[in-house]
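Notes to accompany the following structure.
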Amino acid sequence: MAKRAISARYVVSVDHQNKSGFDTREAAETEATRIRSMHPILTVEVADSEMDTVTMLGPTFAKEEPEEAEEGE
């Protein structure tokens with residue numbers, strides 16, 4: 001069974017799968033932030049169909065800084 005296309009201007013996607021549509025950017029970003037806070041490993045996007053832009057709230061991983069060797073040892 002095929003999924004029905006979302007026809008709203010702003011679409012929230014989770015791991016590249018459309019989940020819900022909104023008429024305002026604020027509502028879409030609020031939902032995306034809510035999903036992201038509950039599932040931090042997932043990639044959450046807000047797509048604007050009129051401006052043809054995508055804002056990504058991707059997974060964030062702390063980068064480990066390499067330890068510098070001390071001189072003279």
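The values are calculated or read from the model by the stated rules, or taken from the named source; none is laboratory data. Just so it is clear, the model here is predicted, and its values are computed rather than measured. We place every Cβ from the backbone using ideal geometry, glycine too, and count neighbours over all the protein chains shown.
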Checklist line | Looking only at segment 1-15, and only at residues there that are modelled with pLDDT of 90 or more and of a type in the set (D, E, K, R), the one that is farthest from ARG25 (Cα to Cα) | finding: ASP15
Notebook entry, point to check: Quick one: which strands (runs of 3 or more DSSP E) sit completely within segment 1-51 and have at least 1 residues that are exposed (fewer than 13 other Cβ atoms within 10 Å of the Cβ)?
Noted result: 17-22
